[in-house]
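The values are calculated or read from the model by the stated rules, or taken from the named source; none is laboratory data. Please read all numbers here as calculations on a predicted model, not as lab measurements. Backbone-built Cβ (ideal geometry, glycine too); neighbour counts: all protein chains shown.
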Amino acid sequence: MNEWISKFLLKVFGSRNERLLKEIWPVVHKIAALEESCQKLQDQDFKAKTQSLRVRYQQGETLDRLLPEAFALVREASKRTIGLRHFDVQMLGGIVLHQGKISEMITGEGKTLVATCPAYLNALSSRHVHIVTVNDYLAKRDRNWMGPVFEFLGLTVGCIQSEMDSYARIKEYGCDITYGTNNEFGFDYLRDNMKMNPDEQCQKDLYYAIVDEVDSVLIDEARTPLIISGPSEESTEKYYQANQIAKKMRQGTHYELKEKEQMALLTEEGIEFAEKLAGVDSFYKGKNMDWPHHINQALRAHNFFKLDREYVIHENEIIIVDEFTGRLQPGRRWSDGLHQAIEAKEGLRIREENQTLATITFQNYFRLYKKLAGMTGTALTEAMEFDKIYKLDVVVIPPNRPLIRKAHNDVIYGTHIEKFQAIVNEVILYHRTGRPILLGTISIEFSEDLSRMLDRREIPHEVLNAKYHEKEAQIISKAGQLGRVTIATNMAGRGTDIVLGKFTKDELLEHWQQHHLAPKKFKASDPDIEEKLTRYWAQLFLEEKDSSTPLETLQDRLNEYWKEQEMTPLRLCESVAELGGLHVLGSERHDSRRIDNQLRGRCGRQGDPGSSRFYLSFEDDLLRKFAPPAMINLMKRFGMKNGQDIRHPMINNGIVRAQQRVEQFNFEIRKNLLEYDEVMNEQRKIVYDQRQRVLEDKDLDQIIWDMIEDRTLDALDRYLPPRTSMSEWDYEGLCEWLEYKFTIKCSPVNLKEKNFKEIQQEVLENIKKQYDKKTHYLGQGPMKALEKYILLEAIDSKWKDHLYAMDELKSGIGLQAFGQKDPKIEYKKSGYDLFDQMIIAVKEQVSDLIFKIVIEQTDIDALAQIWQPSNFSHQKLENYEAVDREGWEQAQKSASAAATQVKTIERTQSKVGRNDACPCGSGKKYKKCCGKG
């Protein structure tokens, strides 16, 4: 009944997407109405128009009001400079981007061109616009391609590349519009917050970002934080020992594997066995508590991380293979000791573990922008996550031309080898006809296996994977040519169009003759070549030997044959499109439907024909881990003899449901990780905001005075505690503290004659006099330099120590589960306590040094050495995942069922005291913040 009502309402009112588009179309018509007037403008008029629009914005007109004219100018500028005119649906996509939403446009609809309109419009505000791509090549390509459009309109365009130095970056960020990668934008934000001079900072303003391939950046890489780190002092010997212990342990006896979560769980017998081999009496005492973690990582390295799949070895170093793109990631390291465990497993020299100096996730970085928008070909499947995490709506933009590609049913085999043999057979079949084939794999290992099988069958092909990504754009751009076979790891080459090739009839006939689809004696110029080919194919495919059969009959029977084979009928033509377009083969279903859709989206661009098919086996990770047993049993009942396949729409639906379960599982992980990272995010914002104020010389004396006052009030509460008799107050202790801290002498006898308020007022007045005296003695300029030096030194050194403490906290927080405590709650609580201690340490150091230190230039130079970054990495959040999974899994093994039941929440801590840190996270005392009233 509910389903019927939903369908009825949808029919009457339309979908939400249709309603959104209906609201936008009138604006597109306004833009179209201005096209003729823009065509009459002289070239030199466009820059003047831009200046006029900027003035109108400064005088109060909104960007929405300026939009039609701005978009019309960009359309005409694009026609004159790069020869491309925006279609109406591209204008539609641009308006959606300006509104701060995600524009879903299918592959080949010109998303690069779409971004020019909202980028230009928002740059009229004289604030910087960032256009984010997924790699340096695309950033440079898009800047060089679209740059002439913006420059024609009078705007400046920059591009950030990974090898640029700081001074070059400052120049590029100074442009109205800047192209760059998500990694570089994120790292520059972190680096800016490590600079000692505001003039050296690159990103002055995080106003508006347009993220290309937004699903890849904000979903796939949401679990991979950017980390700037430097070397720490920890010994590497334990990694080698843990590796030797792991090699002697037996699965099922000493540990259990959780494939879905990629965890190894030690059993009680395994713990005792490992303790004996490690030579310690207990893993859960003092300095031995890191042993279980080392052994768990060693077991994970041996069981879940395979050479040439998750990583490769190059020049005696482990190089990670990106699980989303299949590209090598030199310089990137798994964290939490996993990388060292893999180095030990492979017998390589272990590099020391790095200490975090600065870190941020893409989730939190991109939420810093005042306005965020994105575009991709596949976002709708993740619409809920975009809304919940980023508050971004997804709007599906209709294609400029109808989509005519064909998605064939999945084909399922019993084993990997049967599946691969069937894939190779289909590649050969399509290759013979001349249709180009793009074969997508999920790993380097599989791509090389298929490459070897094609070599044995003498099928020429190109391999596009992490080992050869330098040739990536060149290879993928030719993947649509006659008879071309391309193997691509996952979505390598995304962002580069596959253009369908053209050829002569002679070239096509020659290709067929090479693959025995036409006799050598046939010539394309023969007047009856069509009839000759039809009769030859009837003999070849239908075993038709009667030469008197009418041509029309043969053609009908051949068409039936092609239909059964799910292929486009052969005919002598002059383009790949006429042959049926690009044929995409997937060697395995990805965990996410969106990644599969991205692979499918490589064919059928801009109304071109195309087709796709996925091959699966019962040995694939998706079916093995996530498909329900009932579905597996059902498929087996269809009959699965050696080499036999099954294909049915019902199977496709079952696989989609399995993928939905994985997507939900991964969403929960990302949501959980965000909750963990929210602790650091709030702390980072407080520290970076305070640091920026210091860097820009804003109210330095007030910042320092607030710190002095805070520490003094704490001391007064400590020596003269409220709600106690004045006879119990420690006047002598207070006087000693004042003399040590501020070189202020006072008499305990005199203090005894005053009440608390009077003492507080007198003490603060005397400290202020001492502070003013030092300012007068040094002079305003030197005093400001001293204040800045002391504040930066204290903030940077204590923040660095705090990050190390937080790393240590993450490593061990999973053990809280053994005590039936929620690791997430304990992490938040402990993280807050650590941050409160850091804030107090900063205030203590500043208030201590400001009265005692005099600085030289050498001290200022040394200040920059606090930050000694040696590694800029984009890592998986292994330590957070360990928090989330490892502790809970172990706890569930040892805890009783009752302990895991939901309980009523009770307050376990005492009421917040006036001297306690304020629970709001401001870093202030409760009495000076929320408890002030």
task: Within the stretch 269-277, identify whether any single residue is closer than 20 Å to residue 339 by Cα and in contact with a helix residue (DSSP H, G or I) (Cβ under 6 Å, 6 or more places away or on another chain), and answer yes or no.
output: no
Selection count where residues are at pLDDT 90 or above and surrounded by fewer than 24 Cβ atoms within 10 Å (Cβ to Cβ), scope the stretch 603-613: 4
- prompt: Can you find a residue in the stretch 672-689 that is at pLDDT 90 or above, hydroxyl-bearing (Ser, Thr, Tyr) and either part of a helix (DSSP H, G or I) or surrounded by 13 or more Cβ atoms within 10 Å (Cβ to Cβ) (or both)?
  reply: yes
task: Within the stretch 28-46, identify whether any single residue is modelled with pLDDT of 95 or more, within 16 Å of residue 123 (Cβ to Cβ), surrounded by 11 or more Cβ atoms within 10 Å (Cβ to Cβ) and assigned by TED's automatic domain parsing to the domain that holds residue 384, and answer yes or no.
output: yes
- line: In the stretch 718-755, anything touching a helix residue (DSSP H, G or I) at 6+ places or on another chain (Cβ under 7 Å) and among the acidic types (Asp, Glu) is listed as 730, 732
- prompt: Of all residues in the stretch 281-303 being modelled with pLDDT of 90 or more and aliphatic (A, V, I, L, M), which is farthest from residue 265 (Cα to Cα)?
  reply: 301
statement: Result of the Cβ filter at 7 Å on the stretch 359-373, keeping first residues that are closer than 14 Å to residue 226 by Cβ and surrounded by 24 or more Cβ atoms within 10 Å (Cβ to Cβ) and partners that are modelled with pLDDT under 95 and of a type in the set (D, E, K, R), at least 6 apart or interchain, is 361/677; 362/221
Answer residue from the stretch 216-231, given it is out of contact with any Leu (no Cβ under 9 Å at 6 or more places or on another chain) and either part of a loop (DSSP other than H, G, I, E, B) or not charged (D, E, K, R) (or both) and is surrounded by the most Cβ atoms within 10 Å (Cβ to Cβ) among those: 219
statement: For the stretch 345-373, the count of residues that are out of contact with any helix residue (DSSP H, G or I) (no Cβ under 6 Å at 6 or more places or on another chain), among the hydrophobic types (A, V, I, L, M, F, W, C) and part of a loop (DSSP other than H, G, I, E, B) equals 2
message: So if I check each of 320, 342, 313, which one is assigned to a strand (DSSP E or B), modelled with pLDDT of 85 or more and surrounded by 22 or more Cβ atoms within 10 Å (Cβ to Cβ)?
response: 320
- prompt: For residue 509, which of the numbered conditions (1) under 50 Å from the mean Cα position of the chain (by Cα); (2) within 25 Å of residue 424 (Cβ to Cβ); (3) of a type outside the set (D, E, K, R) fails to hold?
  reply: (2)
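Output the strands (runs of 3 or more DSSP E) that fall wholly within the stretch 437-517 and possess 3 or more residues being at pLDDT below 95, under 24 Å from residue 604 (Cα atoms) and not acidic (Asp, Glu), or say none. Talk me through it step by step, then tell me what you get.
Numbers: elements: 437-441, 462-464, 485-489.
Once the strands (runs of 3 or more DSSP E) in the stretch 437-517 are filtered for at least 3 residues that are at pLDDT below 95, under 24 Å from residue 604 (Cα atoms) and not acidic (Asp, Glu), what remains is 437-441, 485-489.
Suppose we keep only residues that are assigned to a strand (DSSP E or B) and modelled with pLDDT of 95 or more within the stretch 104-131. Which one would you say is surrounded by the most Cβ atoms within 10 Å (Cβ to Cβ)?
Within the stretch 104-131, the first condition is being assigned to a strand (DSSP E or B), and the residues that meet it are 104, 129-131.
Then drop every residue that is not modelled with pLDDT of 95 or more, which leaves 129-131.
Working: 129: 27, 130: 25, 131: 24.
Residue satisfying both the conditions and the ranking: 129.
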task: Examine the stretch 534-544 for a residue that is over 43 Å from the mean Cα position of the chain (by Cα), in a loop (DSSP other than H, G, I, E, B), modelled with pLDDT of 90 or more and buried (at least 17 other Cβ atoms within 10 Å of the Cβ), and state whether such a residue exists.
output: no
- prompt: Among (1) of a type outside the set (Gly, Ala, Ser); (2) part of a loop (DSSP other than H, G, I, E, B); (3) assigned by TED's automatic domain parsing to the domain that holds residue 509, which single condition is residue 602 missing?
  reply: (3)
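Residues in the stretch 336-377 that are over 21 Å from the mean Cα position of the chain (by Cα) and hydrophobic (A, V, I, L, M, F, W, C): how many? Talk me through it step by step, then tell me what you get.
We begin by selecting, within the stretch 336-377, every residue over 21 Å from the mean Cα position of the chain (by Cα); these are 337, 340-355.
Keeping just the survivors that are hydrophobic (A, V, I, L, M, F, W, C) gives 341-342, 344, 348, 350.
The total comes to 5.
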field: Residues that are among the aliphatic types (A, V, I, L, M) and either surrounded by 14 or more Cβ atoms within 10 Å (Cβ to Cβ) or within 20 Å of residue 846 (Cα to Cα) (or both), drawn from the stretch 730-772
entry: 734, 738, 744, 751, 759, 763, 764, 767
- request: Could you tell me whether the stretch 793-806 includes any residue that is exposed (fewer than 15 other Cβ atoms within 10 Å of the Cβ), closer than 19 Å to residue 847 by Cβ and in contact (Cβ under 8 Å) with a residue 40 or more places away in the chain?
  value: no
query: assigned to a helix (DSSP H, G or I), within 16 Å of residue 158 (Cα to Cα) and either in contact (Cβ under 8 Å) with a residue 60 or more places away in the chain or touching a strand residue (DSSP E or B) at 6+ places or on another chain (Cβ under 7 Å) (or both) - does that describe any residue in the stretch 175-195?
result: yes
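For the subset of the stretch 138-174 comprising residues that are of a type in the set (S, T, N, Q) and in a loop (DSSP other than H, G, I, E, B), which member is modelled with the lowest pLDDT?
Keep residues of the stretch 138-174 that are of a type in the set (S, T, N, Q), which gives 144, 156, 161-162, 166.
Okay, now just the ones that are also in a loop (DSSP other than H, G, I, E, B), so 156, 161-162.
Working: 156: 97, 161: 94, 162: 88.
Top of the filtered list is 162.
Given the criteria more than 21 Å from residue 646 (Cβ to Cβ) and in contact with a strand residue (DSSP E or B) (Cβ under 8 Å, 6 or more places away or on another chain), does residue 413 qualify?
Numbers: more than 21 Å from residue 646 (Cβ to Cβ): no; in contact with a strand residue (DSSP E or B) (Cβ under 8 Å, 6 or more places away or on another chain): yes.
Here the answer is no, as residue 413 does not meet what is asked.
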message: So, residue 600, is that one modelled with pLDDT of 75 or more and either over 30 Å from residue 262 (Cβ atoms) or acidic (Asp, Glu) (or both) or not?
response: no
